[in-house]
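The values are calculated or read from the model by the stated rules, or taken from the named source; none is laboratory data. Predicted model, so just to flag it, every value in this text is computed and none were measured. When we count neighbours, we look across all protein chains shown, and the Cβ atoms used for this are built from the backbone with ideal geometry, even at glycine. We work out accessible area using only protein heavy atoms, side chains counted, and drop any ligands, DNA or RNA first. Shrake-Rupley method; radii C 1.70, N 1.55, O 1.52, S 1.80 Å.
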Amino acid sequence: MSSSSSSSSQPKTLRIGIIGFGPFAQFLAKTMMKQGHFIRVTSRSDYSELCTNLGILFFRDMGAFLESDNEVIMISTSILSLSRVVESIPFNCLKRPTLFVDVLSVKEHPKDVLLRIMPEECDLLCTHPMFGPESGKDGWTDLTFMYDMVRIRDQPLCSSFLHIFSSEGCKMLEMTCEEHDRLAAQSQFLTHTIGRILSEMEVEPTPIDTKGFQKLVQVKESAVKDSFDLFSGLFIHNRFARQQMKNLEVALEKTKEKLQERSKELQDPIISKF
Ligand SMILES: O=C(O)C(=O)C[C@]1(C(=O)O)C=C[C@@H](O)C=C1
């Protein structure tokens, strides 16, 4: 079972089970399969046809999925449905102590849920690939992969999983789930919020777009390509997101005040001469 001494540099082929098979999991699974790993899937929606086309086993029944003896189980549900799904896992069907890996876009929430519900003998790796089907469509080189080894006893197995991303050229960044959420609120959540605001404003390309405006339109377009459930999850389950929303409101008010002050100054007959 374990890698032999003569092949320690040889990447290990993993049996990876995936819970939740939306576009993000499908995107990750394609590269895993390209690397030769064996994938099994279970999901609330019926992906049996898609899985047949991809040559992947699809299990409608979570118990049968667990009995299919995966070394790693990757959780890729929506943020909002995580607790419900994890609470419904019949852990007694597991054949072995398994490495559970989550790939959700918030990190403290899955860490808390999984530590609370998962059996003690299972290891837990919390991760966030900071890219997806859009940003990673031309390969993963130089894209960031964040991870927190929350409870790891089988180090070789964990390294084999991380190797999937490092071998594609990802920038591997180890940090705590808390630090991730603090930074992601300032970056990913803010980007999605600005994109959603631009969408509410019905911002569209014009014949005289500047480069800066073209980038804004891109921010809007990529935000609305992701589901509103993802956006809601980034807000509801990242405790730092609320403060970012307040910062945005305060910054808008301050910017308006600065413009009003400037307009007042310019109405002064002496200043307006220049
Ligand atoms: O590239 C994409 O398709 C994405 O939307 C990726 C994106 C994002 O940019 O917000 C969305 C979800 C993942 O958590 C990581 C990144």
Cα pair distances of the stretch 15-175 binned at 5 Å [whole percent]: 2, 9, 20, 24, 23, 15, 7, 1, 0
Residues of the chain: accessible area per residue with a 1.4 Å probe, Å²: 56 Å²
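I'd like the FRET efficiency for Gln260 and Val203, computed as 1/(1 + (r/R0)^6) with the beta carbon distance as r and R0 of 22 Å, rounded to 0.05. Each step should come with its number before you reach the end.
Working: r = 24 Å, r/R0 = 1.09.
Efficiency, from the Cβ-Cβ distance: 0.40.
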Carbon plus sulfur fraction of accessible area for the chain, probe 1.4 Å, in percent: 54 percent
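Work out the length of the dipole vector of the chain about its Cα centre, built from +1 on the beta-carbon of each Lys and Arg and -1 on the beta-carbon of each Asp and Glu, and round it to the nearest 20 debye.
Approximately 220 debye in magnitude.
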Nearby lysines by direct alpha-carbon distance to Lys137 (threshold 29 angstrom, same-chain neighbours under 8 apart not counted): Lys12, Lys30, Lys34, Lys107, Lys111, Lys171, Lys211, Lys215, Lys220, Lys225
R0 of 51 Å, Cβ-Cβ distance Lys211-Ser68: FRET efficiency to nearest 0.05: 0.50
Computed over the stretch 160-228, Kirkwood Rh from alpha-carbon pairs, angstrom: 14.5 Å
Reachable lysines, given that their alpha-carbon falls under 24 Å from the alpha-carbon of Lys264 and they are not under 8 places away in the same chain: Lys254, Lys256, Lys273
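Under unit Cβ charges (Lys, Arg +1; Asp, Glu -1), what dipole magnitude, rounded to 20 debye, does the stretch 1-132 have relative to its Cα centre? All intermediate terms of the calculation are to be shown ahead of the outcome.
Details: 13 positive and 13 negative charges, 64 e Å.
With only Lys, Arg, Asp and Glu charged at Cβ, the dipole is about 300 debye.
If you restrict to DSSP beta bridges whose two residues both lie in the chain, what percentage is antiparallel, to the nearest 5? Write out the running numbers ahead of the final one.
Details: 5 of 29 bridges.
Bridges in the chain that DSSP calls antiparallel: roughly 15 percent.
Using only the alpha carbons of the stretch 187-265, what is the convex hull's orientation-averaged projected area in square nanometres?
Numbers: hull surface 26.1 nm².
If you wrap the Cα atoms of the stretch 187-265 in a convex hull and average its projections, you get 6.5 nm².
Summing +1 for each Lys or Arg and -1 for each Asp or Glu, what net charge is found among the other residues whose Cβ lies under 14 Å from the Cβ of Asp123? Could you put the intermediate results ahead of the total?
Details: positive: Arg96, Lys111, Arg151, Arg153; negative: Glu71, Asp102, Glu120, Glu121, Asp148, Asp154.
Taking every other residue near Asp123 into account, the sum is -2.
Under a point-charge model restricted to the Cβ atoms of Lys and Arg (+1) and Asp and Glu (-1), what is the dipole moment magnitude of the stretch 145-274 relative to its Cα centre, in debye to the nearest 20?
Details: 18 positive and 20 negative charges, 65 e Å.
Approximately 320 debye in magnitude.
Once R0 is set to 30 Å, what does the formula 1/(1 + (r/R0)^6) return for the Cβ-Cβ distance between Met245 and Arg60, expressed as a FRET efficiency to the nearest 0.05?
On the way: r = 39 Å, r/R0 = 1.31.
Using R0 = 30 Å, I get an efficiency of 0.15.
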Paired Rg and Dmax values of the chain, which use every Cα atom, in angstrom: 22.7, 85
Computed [θ] at 222 nm, helices only, for the chain once each DSSP H run of length n ≥ 4 contributes -39500 (n - 2.57): -14000 deg cm²/dmol
